[in-house]
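The values are calculated or read from the model by the stated rules, or taken from the named source; none is laboratory data. Everything numeric here is computed off the predicted structure, so don't read it as measured data. Neighbour counts are summed over all protein chains in view; Cβ atoms, including those assigned to glycine, are modelled from backbone coordinates with ideal geometry.
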Number of protein chains: 2
Amino acid sequence: MSEYHAPIDDMQFVLYNVAGLDEILALDEFQGMDRELIAAILDESSKFTSKILDPLNRVGDETGSVCENGSVTTPPGWKEAYQQFVEGGWNGLAFDAERGGQGLPWLVATAVQEMWHSANMSFGLCPLLTQGAIRALESHGSKAQQDTYMERLISGEWAGTMNLTESQAGSDLAAIRTRAVPENNHHRIIGQKIFITYGEHDLTDNIIHFVLARCTDSPQGVKGISMFIVPKFLVNEDGTLGERNDVRCVSLEHKLGIHGSPTAVLSFGDEGGAIGYLIGEQNRGLEYMFTMMNLARHAVGVEGLAVAERAYQHAVEHARQRVQGTAIGSRERVAIVQHPDVRRMLMTMKSLIDAMRCLAYYSAGVFDLSIRHTDDVVRQYNSDLLGLLIPLVKGWCSESGNEVAYIGVQVHGGMGFIEETGAAQYLRDVRITPIYEGTTGIQANDLIGRKVLRSDPEILERFFTKMSQTVVDCDKDNPHLAPIRDALMVALKHLRRATEWLYEIGRDNPSVAAAASVNYMNVLALTVAGWLMLNMAIDAAAANGANSGNGKHLTAKLISAKFFATQILPRAQAHTDAMIDSSSVALELEEEQF
Amino acid sequence: MSEYHAPIDDMQFVLYNVAGLDEILALDEFQGMDRELIAAILDESSKFTSKILDPLNRVGDETGSVCENGSVTTPPGWKEAYQQFVEGGWNGLAFDAERGGQGLPWLVATAVQEMWHSANMSFGLCPLLTQGAIRALESHGSKAQQDTYMERLISGEWAGTMNLTESQAGSDLAAIRTRAVPENNHHRIIGQKIFITYGEHDLTDNIIHFVLARCTDSPQGVKGISMFIVPKFLVNEDGTLGERNDVRCVSLEHKLGIHGSPTAVLSFGDEGGAIGYLIGEQNRGLEYMFTMMNLARHAVGVEGLAVAERAYQHAVEHARQRVQGTAIGSRERVAIVQHPDVRRMLMTMKSLIDAMRCLAYYSAGVFDLSIRHTDDVVRQYNSDLLGLLIPLVKGWCSESGNEVAYIGVQVHGGMGFIEETGAAQYLRDVRITPIYEGTTGIQANDLIGRKVLRSDPEILERFFTKMSQTVVDCDKDNPHLAPIRDALMVALKHLRRATEWLYEIGRDNPSVAAAASVNYMNVLALTVAGWLMLNMAIDAAAANGANSGNGKHLTAKLISAKFFATQILPRAQAHTDAMIDSSSVALELEEEQF
């Protein structure tokens, strides 16, 4: 079993050269933070994740979380690790310093969270969900609610959950049936929720559930959904824990992966109704949920990246150690890393990871600017851009994470199919990422609907122009950059072709546009990733030219960007051709003909 | 949990219209066999697989085969099912009627085996391995060896295994260390073999191991490997079972999938040496292994197809039942099969399956002609063609089977990640197919090396010409066929471009050719599959025009072929571009830079 090493050099290069961390640190809000501080944080996080979380990953998979009589026991060692996690202050990285958080940019938190999920994705899901709860509270909770819950959620002393899904209401939240009956200054919540990540566990003394439910006098459909706080234990006025609330864990799911993460069926109100506190206004629950969505979806994309990175490290270690066959034109037996097809696999993994990291970090930087820049215009610009980027980070990084984990198994040959090897766990774990927080189809639909067809076309056009400008500005005589630039130029051409077609078909035939949506998402994601990789390469070439003394690291970046541009980016054309020629063919079969 | 239904209509259409079963049935050897007989066999097989094997698939996954003190117990119900399998005569379908087989074409056996693996891939592996053993015996065994083992292997009363892999010898069989020490009229075999499928089990009274080992006076490397028969129980002269041989099961592997199939570590000679009987001549073991390889690799490609078909049926049933969201432009809640992106996913699955079936069946027909046609020239032509096709069936169908099973999980949304749903098992089971019997990289290497660069270029050229001729002959005014024909024309252009480049680079730089090999395999497989789909569509259009009364089935074929041509086939260009532009980039990184 390989050990996780946080790829800090790669991370820092992307943080500063692609995602613009310097610009973000220059904001008033981050006064006093500098590159040195960030380096120290990344270094500490690297130690914590590789020494504490990574070694608990396997036991998490093998033992899993177990439910007995409504109580959930996490795998051996996890409770202690969580305690250290809280003590280290990792839970509240990007939250309000006045509430006990570290007040760091989300961009930095993103790099740290990549480490959590690389080391132990199942563990990382607990703070991930708590983060969503904190965001809901800070955006929509009352002062009193914030005072009661925020600090202990930010510290991690308590955990948070998001309760959306019901058996008949998955992607379609309009179908939610959980009821909220008003009573004094609270409601009684009655219903059953499924797929609740960390819905019950033993890591914290209290769990604060954020629950979507329908008030008795609310309309059917999406406009009748409200959001409630339902603590596992009620909280007394002095902050101590009071009575057990009427919510219990019925069972845990038996899943393909993330066995350590308890996925609960929660029953609310078996004994009359769980006490719930309305957040914000009645019937605006779904709207509130959407304000958290960007961050949650971004985080899932980061999971795709993180598991990919871990699978890559595992595969590289195996490829270096496993001696098999001889090198071409020689009789010497060699490690399989020497075989060209193994190289191709490792390079595919590496360049996809670099591209995912560029996309995920760049988007995190845009998120910071969208909420923290002092200039309204800049905030709005970045908020619009973020809307385009989030479906790409969630949709494309999660799917690419699966591609990388799949290749990771393949590099191991027969050993990859044996569970003890560890490569298969990454494949199983990462399989959830294109599903939860909105499937890839939902992301693509959001992209073409809300973000393209129903948005100001100027937003997309501005972004395209920005990407094209990089092509124009790029030194075309630099032999390292030319193939990357040329490939991006071709991809941009296809992206424009795909976009024009989409505007047209979206007007005439929304069903065909929907059938084309995932292809469009892929074209846009590949092109944006290709553009960011060119930016990375331009900086790497400049630094290399300046003899920074870090030559091997920099040339690796150039080669990875070239590989991506020439081996992966050609897919953009295949997706565009598929879209334009024949998206309607997907709809021709009658239902009975399947 | 859905029930398996063998897609007999689809199978028959491909058997007769794509793979030329009529021509094969016309061979002397198959006198007396006609369409009616074949239909009866497929019908019986359909019943057996859906009623007996399919219901045992889940328990196979959940309980798995278990090893205790060297004895392996297969999952509950499997022993009885195997008994029925033997009684039904399914084990010896395509083997010599004089030895108790059914003497059917391999093409028909392929369709039957697709059913086994769709219903229960783990179960199907037992007869699959026995088949390999029978092939070894009938090709290279002595008359006495054949007399002792053949009939009971063909009936299935005994099972066979293939013992190749050792921990240091996976893809690289040159590294085999298991020793064979001569003694009287046999050898003593000493060594350890791993990854032995059905290496030990309780389905049969005896297990006949076919073992690669190195004689004490043999050279190192591939030229010093011999093949031995090592029965679990020695066989007395009268055919009764004698003493237990010195081979035992050390343990079973804990695998990602195919839990029902026991994957054993076998130890030979712990008590002095297992008795083994040399097959054919000393030092020709690897050569003998290769004569079986075509069939074994073909069978694994069929597994990819089979699991894909099962995953598709499961996904279609879910998509028809699961109500979620409203149709575009309506307020009516609909089953998700109505959503365009779900349509796209199901069509991708369906058209990939149709394409895989065309490729796998067509190749099986070529195999029959290569061994059973009376004309030497025809046999040689088909043998050459088979050499090209096998790496495609094994490589591309197994990878595509994974793609389909992956989409199958996605169609289920969150439910797909829950093991009880069953979709995840297909993903786990099929993951082995691009690995065993030679990884995808090994297939691609065999294709570009032995089959292209080191073969008579005329073989490839003749095949290309044949495909091009179909394009020329195709009625380009038929609106159903035109888009399929046009897409194939484009793919053929890229295939020629890729091939010319390959010949050139293969001469100058074999390492770069090797780095390009998987891309080339994909270009060739996609194009051949596209060509076969056009053949299928031409016949479907003709039959439809003739008002055969089977219109819905025929239009479904046309739509599937069109979807494949326009949505999947464009990948051929992406693979070609990737190959030609930059295969060398895969080799630029130094080992330490990974």
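Condition check ((1) outside the structural domain of residue A:517 (by TED's automatic domain parsing); (2) without any contact (Cβ under 8 Å) to a residue 40 or more places away in the chain; (3) acidic (Asp, Glu)) across all residues:
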{"residue": "A:343", "(1), (2), (3)": "yes, yes, no"}
{"residue": "A:356", "(1), (2), (3)": "yes, no, no"}
{"residue": "A:360", "(1), (2), (3)": "yes, no, no"}
{"residue": "A:367", "(1), (2), (3)": "yes, no, no"}
{"residue": "A:382", "(1), (2), (3)": "yes, yes, no"}
{"residue": "A:391", "(1), (2), (3)": "yes, no, no"}
{"residue": "A:396", "(1), (2), (3)": "yes, no, no"}
{"residue": "A:403", "(1), (2), (3)": "yes, no, yes"}
Collect the residues in the stretch A:162-192 that are of a type outside the set (A, V, I, L, M, F, W, C) and within 12 Å of chain B (Cβ to nearest Cβ), keeping them in residue-number order.
A:165, A:166, A:167, A:168, A:170, A:171, A:172
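Being within 11 Å of another protein chain (Cβ to nearest Cβ), surrounded by 22 or more Cβ atoms within 10 Å (Cβ to Cβ) and touching a residue at least 60 places away in the same chain (Cβ under 8 Å): is that true of residue B:298 here? Reasoning before the result, please.
On the way: within 11 Å of another protein chain (Cβ to nearest Cβ): no; surrounded by 22 or more Cβ atoms within 10 Å (Cβ to Cβ): yes; touching a residue at least 60 places away in the same chain (Cβ under 8 Å): yes.
Judged against the criteria, residue B:298 is not a match.
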Just to verify a result, which residue in the stretch B:405-433, among those that are outside any helix (DSSP H, G or I) and either touching a residue at least 24 places away in the same chain (Cβ under 8 Å) or crowded, with 24+ Cβ neighbours inside 10 Å (or both), is farthest from the chain's Cα centre (by Cα)?
B:412
When you check residue B:228 against the structure, is it part of a strand (DSSP E or B) and in contact with a helix residue (DSSP H, G or I) (Cβ under 7 Å, 6 or more places away or on another chain), yes or no?
no
Out of the residues in the stretch B:439-495 that are of a type in the set (Val, Ile, Thr) and more than 13 Å from residue B:521 (Cα to Cα), which is surrounded by the most Cβ atoms within 10 Å (Cβ to Cβ)?
B:484
Residues of the stretch B:231-264 satisfying the condition of being in a loop (DSSP other than H, G, I, E, B) and within 13 Å of another protein chain (Cβ to nearest Cβ)
B:253, B:254, B:256, B:257, B:258, B:259, B:261
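Matching residues to (1) under 19 Å from residue A:120 (Cα atoms); (2) in contact (Cβ under 8 Å) with a residue 60 or more places away in the chain; (3) crowded, with 18+ Cβ neighbours inside 10 Å:
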{"site": "A:201", "(1), (2), (3)": "yes, yes, yes"}
{"site": "A:214", "(1), (2), (3)": "no, no, yes"}
{"site": "A:218", "(1), (2), (3)": "no, yes, no"}
{"site": "A:222", "(1), (2), (3)": "no, yes, no"}
{"site": "A:229", "(1), (2), (3)": "no, yes, yes"}
{"site": "A:240", "(1), (2), (3)": "no, no, no"}
{"site": "A:246", "(1), (2), (3)": "no, no, yes"}
{"site": "A:250", "(1), (2), (3)": "no, yes, no"}
{"site": "A:255", "(1), (2), (3)": "yes, yes, yes"}
Does at least one position in the stretch A:540-558 carry a residue that is over 15 Å from residue A:10 (Cβ atoms) and either touching a strand residue (DSSP E or B) at 6+ places or on another chain (Cβ under 6 Å) or among the charged types (D, E, K, R) (or both)?
no
Based on what the data block shows, is residue B:287 closer than 30 Å to residue B:2 by Cβ, under 30 Å from the mean Cα position of the chain (by Cα) and part of a helix (DSSP H, G or I)?
no
Among helices (runs of 4 or more DSSP H) lying entirely in the stretch A:434-521, which contain 2 or more residues that are of a type in the set (A, V, I, L, M), closer than 30 Å to residue A:307 by Cα and within 10 Å of another protein chain (Cβ to nearest Cβ)?
A:440-446, A:510-515
In the stretch A:304-358, what residues are out of contact with any Phe, Trp or Tyr (no Cβ under 7 Å at 6 or more places or on another chain), among the small types (Gly, Ala, Ser) and in a helix (DSSP H, G or I)?
A:304, A:306, A:308, A:315, A:319
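Here's the yes/no breakdown for (1) in contact with a strand residue (DSSP E or B) (Cβ under 9 Å, 6 or more places away or on another chain); (2) free of Cβ contacts under 8 Å to residues at least 40 places away in the same chain; (3) in a loop (DSSP other than H, G, I, E, B); (4) not hydroxyl-bearing (Ser, Thr, Tyr):
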position	(1), (2), (3), (4)
A:101	no, no, yes, yes
A:104	no, no, yes, yes
A:113	no, no, no, yes
A:118	no, no, no, no
A:149	yes, no, no, no
A:152	yes, no, no, yes
A:181	yes, no, no, yes
Can you work out which of the residues in the stretch B:301-320 that are closer than 11 Å to residue B:2 by Cα and surrounded by fewer than 24 Cβ atoms within 10 Å (Cβ to Cβ) is nearest to the other protein chains (Cβ to nearest Cβ)?
B:316
Subset of the stretch A:303-326 that is within 30 Å of the chain's Cα centre (by Cα) and among the aliphatic types (A, V, I, L, M) - its residue that is farthest from residue A:126 (Cα to Cα)
A:319
Take residue A:154 and decide whether it is surrounded by 23 or more Cβ atoms within 10 Å (Cβ to Cβ), in contact with a Leu (Cβ under 7 Å, 6 or more places away or on another chain), of a type outside the set (Phe, Trp, Tyr) and under 30 Å from residue A:189 (Cβ atoms).
no
Mind listing just one residue for me: the one in the stretch B:569-589 that is surrounded by fewer than 24 Cβ atoms within 10 Å (Cβ to Cβ) and more than 7 Å from chain A (Cβ to nearest Cβ) and, of those, farthest from residue A:10 (Cα to Cα)?
B:580
